[in-house]
Amino acid sequence: MNRKVNLSKTSGFTALHSHEGELKEEIHKHDFKYEINLKGEINKEGFLIDFLVLNKILKDNVDDVLNQKILNTIIEMPTTENLAIWIWETLKPTFKDLLCYVRVFETHDAFITYCGE
Ligand SMILES: [Zn+2]
């Protein structure tokens, strides 16, 4: 059996959001950073996924879709939590069982991790 590895890739985008209810916040901007983590067996050439392919998947499906957008128009209640879930659900059909977790950083020391549960 081939060895399994965990691979992480970070990316990011700038977007706006606002919150109703208890969080009550006027519209404001974030430079969101996120990490995706894939877990799987390395192939016979010794790699899990080509980083160039991975970059393009993240750019086309997440970064270009959310960059400079008002997240409220795309995601219901776009908290960092729901953003992590949205990224997971967006990427899951592509990465399938390889997708281990999605982590979204609201600031450098505050982040949400979603594992698909
Ligand atoms: Zn915010």
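Bear in mind that the values in this text are calculations on the coordinates, not laboratory data. Since this is a predicted model, take the numbers as computed values, not measurements. FYI the Cβ positions are ideal-geometry reconstructions off the backbone, even for glycines, and counts take in every protein chain you see.
Side notes on the structure shown:
- Among residues of the stretch 62-89 that are in contact (Cβ under 8 Å) with a residue 60 or more places away in the chain and on the phi < 0 side of the Ramachandran plot, those with a beta-carbon under 9 Å from a residue that is part of a helix (DSSP H, G or I) and aromatic (Phe, Trp, Tyr) at least six positions away or on a different chain give the pairs PRO78/TRP86.
- Residue check, LYS33 within 16 Å of the ligand (Cβ to nearest atom), touching a Gly at 6+ places or on another chain (Cβ under 6 Å) and under 23 Å from VAL102 (Cα atoms): yes
- The numbered conditions (1) in a helix (DSSP H, G or I); (2) aliphatic (A, V, I, L, M); (3) surrounded by 11 or more Cβ atoms within 10 Å (Cβ to Cβ) are all true for LEU52 except (3).
- Counted residues, the stretch 81-105 - those being within 14 Å of the ligand (Cβ to nearest atom), crowded, with 19+ Cβ neighbours inside 10 Å and in a helix (DSSP H, G or I): 2
- HIS28 meets each of the listed conditions (1) over 13 Å from the mean Cα position of the chain (by Cα); (2) in a loop (DSSP other than H, G, I, E, B); (3) not charged (D, E, K, R) apart from (2).
- Each residue in the stretch 10-30 was checked for being away from the ligand (no atom under 11 Å from the Cβ) and surrounded by 10 or more Cβ atoms within 10 Å (Cβ to Cβ), and 5 pass.
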